[in-house]
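Enquirer: Next up is a structure, given as structure tokens.
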Amino acid sequence: MEQPLYDRYQRKINYLRLSVTDRCNFRCVYCMPAEGIDQCNHQQILSYETFYSIAETAVALGIEKIRLTGGEPLIRKGILPFMQRLNDLDGLKQLVVTTNGFNLLQTAKPLCDLGIHYLNVSLDSLKADRFARITRIGTLKPVWDGLILADSLAIPLKVNMVVMRGINDDEIADFAALTLKYNWSVRFIEYMPNADGSKHERGLSADEIYQRINSLYPLEKISHRQLAGPATNYRIKGAKGTIGIISALSCSFCSSCNRLRVSSTGILRNCLFSDQETDLKPYLDNNDLTGLKEAIIANVDQKPEHHTVSWDKSELPKLHMSKIGG
Ligand code: SAM
Ligand code: SF4
């Protein structure tokens, strides 16, 4: 590894999220319009070889953790052998995936065998009818059964719930109670306004989520581990698992943000909400690995101190989460 990668605010950048596809088998209300999004054509989507070059270059620059996201990463053909290759990269400490869990019954065992560090599974309701409404075309049973299978294989699990007022916020306590039974990290994510014109009013702040849980189950704060991500973590006394609250919008983690994102078409973003993008494709098409490295360093150098989207702002970021991977 060369020198660790720092931005101009002295944040160490060691975490890369690769959105390996913009395709998805769900249409979650907070992420995509009902009709889906305009998909990129196959030529625009980076090949695994190309993603591998980005990952290899990034790891050589100091990236220690890679997350595969999407769209739905586990529906892309060939994803498991690709992950095996990534996992063998010298210098990479953690390889993780964010998935909607629909294919977990088929993929949990191979993911376990290749040594996945942990899995993030998105789950926004424990009620089958509501789950179907939120995901529009998803079904709860395979996701839940997949989670239980992954748990039985001892894959560390993080369950991500996007909290939406009037849609699933009455299930906050049920999700928190999962940690009494399972050794999972259940994480409550502040709803983020999206390019589909969805409303800020739908969101609950991290504070409100905390109060709701704490009033029923008093929470103890627990310490932050290295490479652990943006959640503030708690435990209900005596619980097996932990609770994380991710204040994506309240901006409490910008000061320690360590991440970069690459879209399925090779667009590098230094902040989820920023329009400051670098197209990596020309470097990859020309096999210009020096140019690629310099482009990544230059993009890191431009990483903003914090994002500017807030609860009281009416303007929306121009992004679809399924294109950049959340
Ligand atoms: N398909 C995978 C999944 O659902 O886990 C990975 C891609 S998804 C875009 C990545 C993450 O973004 C998920 O945890 C999802 O809940 C989150 N996400 C998408 N739209 C969001 C929104 N409007 N607000 C907060 N989180 C969002
Ligand atoms: Fe698909 Fe994940 Fe977006 Fe849901 S959140 S539509 S599962 S990409």
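Enquirer: Please find, within region 114-143, the residue that is surrounded by the most Cβ atoms within 10 Å (Cβ to Cβ) out of those that are touching a Gly at 6+ places or on another chain (Cβ under 8 Å) and part of a helix (DSSP H, G or I).
Expert: Ranking the qualifying residues of region 114-143, first place goes to V143.
Enquirer: Scan region 1-23 for residues that are touching a residue at least 12 places away in the same chain (Cβ under 8 Å), part of a loop (DSSP other than H, G, I, E, B) and open to solvent by 30 Å² or more (accessible area, probe 1.4 Å) and report the count.
Expert: Total meeting the criteria: 7.
Enquirer: From L61, L46, L68, L95, grab the single residue that is modelled with pLDDT of 95 or more and touching an Asp or Glu at 6+ places or on another chain (Cβ under 9 Å).
Expert: Values: L46 fails: touching an Asp or Glu at 6+ places or on another chain (Cβ under 9 Å); L68 fails: touching an Asp or Glu at 6+ places or on another chain (Cβ under 9 Å); L95 fails: touching an Asp or Glu at 6+ places or on another chain (Cβ under 9 Å).
Sole residue among the options that is modelled with pLDDT of 95 or more and touching an Asp or Glu at 6+ places or on another chain (Cβ under 9 Å): L61.
Enquirer: Moving on to the next point. Taking A60 as meeting all but one of (1) surrounded by fewer than 21 Cβ atoms within 10 Å (Cβ to Cβ); (2) within 16 Å of ligand 2 (Cβ to nearest atom); (3) of a type in the set (A, V, I, L, M), write down the number of the exception.
Expert: (2)
Enquirer: Return yes when E171 is under 26 Å from A239 (Cβ atoms), open to solvent by less than 10 Å² (accessible area, probe 1.4 Å) and either touching a Cys at 6+ places or on another chain (Cβ under 9 Å) or assigned to a helix (DSSP H, G or I) (or both) and no when it is not.
Expert: yes
Enquirer: While we're looking at this one, here's another question. Please find, among N87, N160, the residue that is surrounded by 15 or more Cβ atoms within 10 Å (Cβ to Cβ), of a type outside the set (A, V, I, L, M, F, W, C) and more than 16 Å from ligand 2 (Cβ to nearest atom). Walk me through it before giving the result.
Expert: On the way: N160 fails: more than 16 Å from ligand 2 (Cβ to nearest atom).
Of N87, N160, the one residue that is surrounded by 15 or more Cβ atoms within 10 Å (Cβ to Cβ), of a type outside the set (A, V, I, L, M, F, W, C) and more than 16 Å from ligand 2 (Cβ to nearest atom) is N87.
Enquirer: Also: Considering each of T99, T50 in turn, give the residue that is within 16 Å of ligand 1 (Cβ to nearest atom) and either among the hydroxyl-bearing types (S, T, Y) or surrounded by fewer than 16 Cβ atoms within 10 Å (Cβ to Cβ) (or both). Talk me through it step by step, then tell me what you get.
Expert: Values: T50 fails: within 16 Å of ligand 1 (Cβ to nearest atom).
One residue alone meets the criteria, T99.
Enquirer: Additional query: Against the conditions (1) open to solvent by less than 70 Å² (accessible area, probe 1.4 Å); (2) out of contact with any Cys (no Cβ under 8 Å at 6 or more places or on another chain); (3) under 23 Å from R76 (Cα atoms), where does D285 fall short? Just the number, please.
Expert: It is condition (1) that D285 fails.
Enquirer: Determine which member of the set K221, K237 is in contact with a Pro (Cβ under 9 Å, 6 or more places away or on another chain), open to solvent by 70 Å² or more (accessible area, probe 1.4 Å) and more than 23 Å from V20 (Cβ to Cβ).
Expert: Numbers: K221 fails: in contact with a Pro (Cβ under 9 Å, 6 or more places away or on another chain).
Within the list K221, K237, the selection yields K237.
Enquirer: Please list, ordered by first then second residue, the pairs with beta carbon atoms under 7 Å, 6 or more apart or interchain, first in region 118-147 and over 25 Å from V96 (Cβ atoms), second away from ligand 2 (no atom under 11 Å from the Cβ) and open to solvent by less than 30 Å² (accessible area, probe 1.4 Å).
Expert: As it stands, the answer is A128/L140; R130/N168, since those pairs meet every condition given.
The values are calculated or read from the model by the stated rules, or taken from the named source; none is laboratory data. What you see is a predicted model; the values in this text were computed from it and never measured. Counting neighbours? That spans all protein chains shown, and the Cβs are built from the backbone with ideal geometry, glycine included. The protein model used for the area step is the full one, side chains on, heavy atoms only, and it has no ligands, DNA or RNA in it. Shrake-Rupley method; radii C 1.70, N 1.55, O 1.52, S 1.80 Å.
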